1. Looking at K173, K179, which is the one that is in contact (Cβ under 8 Å) with a residue 60 or more places away in the chain, among the basic types (K, R), assigned to a helix (DSSP H, G or I) and more than 16 Å from the ligand (Cβ to nearest atom)?
2. How many residues are of a type outside the set (D, E, K, R), assigned to a loop (DSSP other than H, G, I, E, B) and farther than 27 Å from V78 by Cβ when one looks only at the range 301-344?
3. Would you mind finding the one in G8, G17, G36, G94 that is surrounded by 20 or more Cβ atoms within 10 Å (Cβ to Cβ) and under 28 Å from G202 (Cα atoms)?
4. Of all the strands (runs of 3 or more DSSP E) wholly in the range 1-90, which have at least 1 residues that are at pLDDT 95 or above and of a type in the set (G, A, S)?
5. Here is a list: R312, R326. Which entry is touching a Leu at 6+ places or on another chain (Cβ under 9 Å), of a type in the set (D, E, K, R) and either touching a residue at least 12 places away in the same chain (Cβ under 8 Å) or under 18 Å from L407 (Cα atoms) (or both)?
6. Pairs please, first residue from the range 229-247 and within 7 Å of G8 (Cβ to Cβ), second anywhere and more than 10 Å from the ligand (Cβ to nearest atom) and not in a loop (DSSP other than H, G, I, E, B), Cβ atoms under 6 Å, 6+ apart in sequence or on different chains.
7. Checking the structure you have, find out if any residue of the range 30-53 is among the aromatic types (F, W, Y) and without any contact (Cβ under 8 Å) to a residue 40 or more places away in the chain.
8. Using beta carbons and a limit of 7 Å, which pairs, at least six apart or on different chains, have the first residue in the range 293-309 and in the same structural domain as E14 (by TED's automatic domain parsing) and the second one in a loop (DSSP other than H, G, I, E, B) and polar (S, T, N, Q)?
Amino acid sequence: MPVTAIIGAQWGDEGKGKIVDFLSEKADVVVRAAGGANAGHTIIIGKDKTVFHLIPSGIMREGTLNVMGNGMVIDPIVLIEELDKLEKKGITVGPERLAISRRAHVIMDYHKALDKADMIKDYERRVEHLSEKGVEIGTTGRGIGPCYADKASRTGIRMADFIDNTARLELLKKNLAVKNVLLKHFGQEEMTAEELDERCRGRAERLKPFVVDTGVLLEQQKGKNILIEGAQGTMLDIDHGTYPYVTSSNPTVGGDMIGVGISRIDKVVGIFKAYTTRVGGGPLPTELHGDEGEKLRQPGGEYGATTGRPRRCGWFDGVVARHTMRVNGYTEVMVTKLDVLDGFETIKVCTAYELDGERIEHFPSRAEDAMKCKPVYEELPGWKQDITGVRKLKHLPKAARNYISYLEKLIGAKISLISVGPSREQTIEK
Ligand code: IMP
């Protein structure tokens with residue numbers, strides 16, 4: 001069973017949704033390995049735009065099996081909303097199209113309340129020494145961190161228990177004894193196990209038919225093409241990203257193996273945006289501020305798919321590219337949103353940083369240092385021409401082809417696909 005992993009190679013929002021949708025044409029199974037409703041994958045088919053936070057984007061392709069892996073943290077409310085949204089579009093999803101891992105963790109109401117509450121602020125106050133300004137992580141408020149924290153402290157509620165009425169109530173009673181102390185401390189409303197259980201009952205019934213041992217299910221897919229749909233990005237990885245300004249999972253190739261429960265990945269496809277964006281706080285060495293940032297944000301429509309927040313924008317960062325290449329070992333790379341650079345006279349690419357007067361070529365391990373890094377740029381000629389209608393590499397302006405070759409050298413992998421617009425057709429296969 002050939003397995004391909006799609007990996008976000010920067011800080012998330014690289015346009016993976018479109019690429020997954022494109023590659024899922026050849027996939028029999030599409031799997032998500034990590035994260036939860038913090039992700040937002042936008043699929044545009046003709047004039048129809050669909051944003052998924054949880055369900056793998058393969059659901060838009062008839063005949064694919066879509067799997068939500070054990071590494072995910074699943075909010076039943078959001079998942080049911082997505083199922084309803086699909087039904088409204090005339091896509092009825094049954095267990096033959098969607099499988100949810102019995103081992104995946106469930107986001108409960110208290111996780112979201114704690115994520116949004118002062119708990120994070122309090123944590124930030126404690127880590128203020130990490131930055132002069134006390135930058136906020138700015139989570140998506142979807143309960144991701146608190147849910148993964150429970151997973152690690154072995155008090156989480158997994159899908160297998162969530163759909164079991166007896167186990168769920170028992171676990172809620174145990175957990176709420178502690179969670180209510182926290183909720184009270186952070187000025188949030190306390191919850192009773194019975195009330196919360198009552199709210200969960202219908203949701204559990206609705207999801208029950210989809211909940212299976214996805215490891216066993218995938219083992220049965222012998223000879224099928226499996227696509228692991230990445231969420232977030234490598235620089236948000238809890239180990240390899242800009243800790244603590246990261247998410248709470250491992251959206252990298254190692255995390256994929258754990259989050260799906262497989263021992264081999266044949267192809268690792270890194271997705272880079274032709275420039276850089278990030279939502280939330282933390283280091284972003286090539287960030288462009290004010291009007292300069294707007295020049296990328298406006299044509300790129302750079303607003304978060306999950307929270308609507310304006311994304312921070314900057315030039316392509318070769319130091320980040322080398323770092324994420326080392327972590328993931330891309331066998332090929334795809335570049336999205338090249339057309340957003342159409343209007344620029346010249347385009348800058350960061351090749352190294354200056355930190356405390358010294359040139360460095362590796363991404364620093366401490367966020368505090370990364371925030372002090374000054375990018376060293378190479379300036380390349382722009383193409384000043386609309387490329388959204390181009391479908392073949394040879395029809396791209398010479399400066400755009402040069403830019404692509406330059407990125408290939410910087411990343412250290414071949415670019416196999418270039419996206420020049422949001423729709424399925426606006427794609428150049430090399
Ligand atoms: P959390 O994942 O909600 O805990 O948020 C932690 C950090 O990761 C915040 O800076 C978020 O903005 C960022 N983040 C989480 N998911 C995504 C994503 O899918 N795309 C981009 N940024 C994300």
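1. Sole residue among the options that is in contact (Cβ under 8 Å) with a residue 60 or more places away in the chain, among the basic types (K, R), assigned to a helix (DSSP H, G or I) and more than 16 Å from the ligand (Cβ to nearest atom): K179.
2. Of the residues in that region, 6 qualify.
3. G36
4. By residue number, 3-8.
5. After applying the criteria, what remains is R312.
6. Pairs that qualify, where the first residue is within 7 Å of G8 (Cβ to Cβ) and the partner is more than 10 Å from the ligand (Cβ to nearest atom) and not in a loop (DSSP other than H, G, I, E, B), are G230/I6; G230/I7; T234/T324; T234/V327.
7. Here is the first cut: in the range 30-53, the ones among the aromatic types (F, W, Y) are 52.
Then drop every residue that is not without any contact (Cβ under 8 Å) to a residue 40 or more places away in the chain, which leaves 52.
Yes: the range 30-53 contains one or more residues that are among the aromatic types (F, W, Y) and without any contact (Cβ under 8 Å) to a residue 40 or more places away in the chain.
8. Close Cβ pairs satisfying both conditions: T306/N38; T306/T140; T307/T140.
The values are calculated or read from the model by the stated rules, or taken from the named source; none is laboratory data. Computed from a predicted structure; not experimentally measured. A quick note on method: Cβ atoms are made from the backbone with ideal geometry, for glycine too, and the neighbour counts reach across all protein chains shown.
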